[in-house]
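Written below as structure tokens is the structure these notes are about.
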Amino acid sequence: MSASALMPVEEAIRRLLEMAEAQRLQDSESVPVSAARQRVLAADLVATLDLPPWPNSAMDGYALNVDDWDGQPLPVSQQVFAGQAPEALTPGTCARIFTGAPIPEGANGVQMQENTEVLDDGRIRFTQALNVGSNIRPQGQENRAGDVLLHAGQRLGPFELAVAAAQGCTHVQVVRRPRVALLSTGNELVEPGTPLKPGSIYNSNRTLLSHWLSALGCDVIDAGIVPDDLRQTRLTLEHLQHATDLILTTGGVSAGDADCLGQVLRECGKPLLWKLSIKPGKPLTVGQFGPVPVMGLPGNPASALVTFGLLARPYLLRIQGVEAVEPLSFPIPVGFAWPKPGSRREYLRARLEGGRAVLYPNQSSGVLLGASWADGLLEVLENRTLAVGDTARFIPFSELS
């Protein structure tokens with residue numbers, strides 16, 4: 001198949017996101033904030049109280065009424081600690097106050113303690129000028145009750161969950177987890193813990209993808225290993241089709257006699273896209289089997305990594321309602337030469353050293369170790385050469401989780 005007949009990466013992503021829009025999950029559930037990390041918010045989070053709830057001091061110092069102060073030292077009429085309700089400020093006095101403590105009624109400025117002196121009689125002399133509102137955090141500085149703080153479709157990380165906790169939330173309403181059946185195919189595969197026979201290899205893709213799926217908020221259904229057999233592949237898909245939102249497979253998607261997934265989709269299902277202009281990962285196959293989408297990743301581990309990160313990940317986020325599914329990336333100078341242009345877009349395992357991207361020495365699609373060495377993927381566009389110092393787009397692995 002010529003490079004011109006292969007589907008461009010952008011077109012594949014566009015089609016997958018169209019599929020995801022049609023498959024958006026509608027059900028939601030309330031979960032504890034403590035268990036909501038990486039879940040997707042199902043409804044806007046609206047503030048129920050002002051933050052801060054009352055004016056408070058931004059400094060350790062002394063609160064006073066700036067309008068009534070004539071520049072003379074002031075006696076201290078009270079001490080106000082964080083968590084304490086103060087009395088109204090006695091006219092002609094100041095209040096010793098600590099960071100986060102409520103501002104006493106009648107005070108409208110706080111002088112930091114570094115700009116004060118304690119006189120022998122206990123009065124406080126202020127050594128710097130002070131303006132109304134100085135060092136006071138006003139009520140509602142962060143938000144007002146009724147403000148939308150987080151929007152439906154946002155993924156909940158530590159910062160977002162802290163915002164919810166600051167409103168006193170114990171639970172948040174999130175989209176239910178996508179149910180993803182993870183199916184490995186191939187006569188050569190055995191699970192770790194099983195003795196290797198001649199010609200066998202351990203199934204690393206299952207570990208890679210099950211952890212990755214969990215990080216994306218999915219419930220993983222372990223569908224095991226299916227040998228390269230058309231009938232058994234079809235029966236397995238039939239068994240899984242009504243219990244999952246996506247069947248995710250590895251292996252069996254090329255054009256060889258032992259590559260059964262593509263054949264089953266063509267004969268019993270509905271193939272939607274096949275073969276991308278991407279390296280590694282060209283044999284990616286997507287189709288429909290009964291009511292459930294099927295996404296067939298290549299079996300080589302680097303190919304599975306690249307296609308899952310760039311194509312399966314945005315699909316899984318979009319069905320949960322996430323709009324911003326494209327990973328953040330940035331241009332970076334390269335520390336190597338790439339003299340031979342390729343007809344397919346390439347994603348190279350690379351890391352950053354001295355402000356430049358350098359490559360793992362072995363970019364074979366069968367080599368997984370390069371991913372643990374690398375910081376991310378470096379994109380080399382079709383028909384592009386690179387000289388040392390040229391820039392290319394770098395996608396950190398942290399943006400693909």
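Taking the Cβ of residue 401 as the center, what net charge do the other residues with Cβ under 11 Å away carry, scoring Lys and Arg +1 and Asp and Glu -1? For residues surrounding residue 401, the net value is +1. Read through the labelled values (i) 59, 57, 55; (ii) 96, 51, 42; (iii) 71, 55, 33 and report the label of the one computed as Cα extents along the principal axes in Å from the structure. Checked against the structure: label (ii). Just checking the listed ones, 123, 15, 356: in the Gaussian network model of the chain with Cα springs under 10 Å, the one fluctuating most is 123.
For the range 307-401, what does the accessible surface come to per residue with a 1.4 Å probe? Please give it in Å². Write down the numbers at each step before the final one.
Values: 4090 Å² over 95 residues.
I get 43 Å² per residue for this part.
Remark: accessible surface ordering of 306, 76 (largest first) is 76, 306, probe radius 1.4 Å.
If only the Cβ of Lys and Arg carry +1 and only the Cβ of Asp and Glu carry -1, the dipole of the chain around its Cα centre is close to 1800 debye. Taking Lys and Arg as +1 and Asp and Glu as -1, the other residues whose beta-carbon sits under 10 Å from that of residue 268 total +1. Measure out, as a whole number of angstrom, how far apart the alpha-carbon centroids of the range 81-155 and the range 265-306 sit. First find each Cα centre; the distance between them is then 61 Å.
A 1.4 Å probe run over the protein chains yields, for the range 85-213, 52 Å² of accessible area per residue, whole-number rounding. Computed from backbone phi, the HN-Hα couplings of the range 298-305 come to x, x, 4, x, 5, 5, 4, 4 Hz, rounded to whole numbers (Karplus: 6.51 cos²θ - 1.76 cosθ + 1.60, θ = phi - 60°; Gly and Pro given as x).
The range 319-351 and the range 8-78 have Cα centres separated by 32 Å. Just to confirm a number: summing +1 for Lys and Arg and -1 for Asp and Glu over residues other than residue 75 whose beta-carbon lies under 15 angstrom from that of residue 75, what do you get? Cβ neighbours under 15 Å give a net charge of -3. Given axes a ≥ b ≥ c from the Cα gyration tensor, I'd like to know whether the range 42-139 is rounded (a/c under 1.5), prolate (a/b larger than b/c) or oblate. Prolate is the answer for the range 42-139, as a/c is 1.5 or above and a/b outweighs b/c.
Order 289-300, 229-240 from most to least packed using the mean count of other Cβ atoms within 10 Å.
289-300, 229-240
Residues whose amide H lies under 5 Å from that of residue 272, counting only those 5 or more places away or on a different chain, are 286, 287, 288; hydrogens are built 1.01 Å from N in the peptide plane.
When the surface is traced with a 1.4 Å probe over the full set of protein chains, residue 48 keeps roughly 110 Å² accessible. With contacts taken as Cα pairs under 8 Å and at least 6 residues apart, the chain reaches a relative contact order of 16 percent. Measuring nothing but protein heavy atoms, the accessible surface of the chain at 1.4 Å probe radius is 51 percent carbon and sulfur.
The values are calculated or read from the model by the stated rules, or taken from the named source; none is laboratory data. The model shown is predicted, which means the values in this text are computed figures rather than measured ones. Positions of Cβ are backbone-derived with ideal geometry, glycine not excepted, and every protein chain shown enters the neighbour counts. Ligands, DNA and RNA are stripped out before the accessible areas are found, and what is left, the full protein with its side chains, is counted by its heavy atoms. Shrake-Rupley method; radii C 1.70, N 1.55, O 1.52, S 1.80 Å.
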